[in-house]
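These notes are about the structure you will find just below.
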Amino acid sequence: MLVVTVVENSEGLSHIDEIAAVPGIDVIFIGTSDLSFSLGLRGQQDHPKLEAAIAKIVAAGKKHGKFLGRPGLTPEHIKRSQRQGFRFFMAGTDTDFMAAGAAQFLKPLGKKRSLKWGSGL
C-alpha cells in the first residue's frame, strides 16, 4: 500500500517536519495551487514565497526519506521538478488528454471545444 499525504495549506507547511517524520508515509504531495492561495498568493505559481514554501517541504521530505510529489503542468515542468527531487506527479486526467486531442482536431476547422455534452462539432 502506498500512503500519500497532501500538504496544501500554511498550517501543513508550518508542521512539515513533524508530518514528514510520520512512519508509514511514503509520499509528500504538494498541492501547489491550494498552497499558493493559503499563502495569500491567489494561485501565483512562480511567486518567490511559494518557491520558498516548496523548498521547505522538499528539504523535510528529503531529510525523512520521503518521495516528493506535485502537479506536473507540462513535460518541461516535470523535468525541472525532477531535478529538484520530485518523483511523483499528478498529470492531466484522461478527459483532459481527450479534450486536448479534440482541440487539436477542431482548431483547424475553426471550432472550439464545448463544455456542453452532446453539443457536437
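The values are calculated or read from the model by the stated rules, or taken from the named source; none is laboratory data. Note that the coordinates shown come from a computational prediction; the quantities given were computed from them, not determined experimentally. Cβ atoms come from the backbone with ideal geometry, glycine included; neighbour counts cover every protein chain shown.
Structure above, values below:
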read-out: Selection within segment 59-81 - modelled with pLDDT of 95 or more, in contact with a helix residue (DSSP H, G or I) (Cβ under 7 Å, 6 or more places away or on another chain) and closer than 26 Å to Thr93 by Cβ; value: Gly61, Lys66, Leu68, Arg70
read-out: Test set (1) surrounded by fewer than 14 Cβ atoms within 10 Å (Cβ to Cβ); (2) touching a Gly at 6+ places or on another chain (Cβ under 6 Å) - Pro23 fails condition number; value: (2)
read-out: Number of positions in segment 39-83 that are assigned to a loop (DSSP other than H, G, I, E, B), within 14 Å of the chain's Cα centre (by Cα) and surrounded by 11 or more Cβ atoms within 10 Å (Cβ to Cβ); value: 5
read-out: Filter result (modelled with pLDDT of 95 or more and under 20 Å from Gly85 (Cα atoms)) within segment 40-58; value: His47, Pro48, Lys49, Leu50, Glu51, Ala52, Ala53, Ile54, Ala55, Lys56, Ile57, Val58
read-out: Residue that is surrounded by the fewest Cβ atoms within 10 Å (Cβ to Cβ), among those in segment 84-95 that are out of contact with any Leu (no Cβ under 6 Å at 6 or more places or on another chain) and under 13 Å from Ile30 (Cβ atoms); value: Arg87
read-out: Members of segment 24-38 that are within 12 Å of Gly61 (Cα to Cα) and more than 16 Å from the chain's Cα centre (by Cα); value: Ile25, Asp26
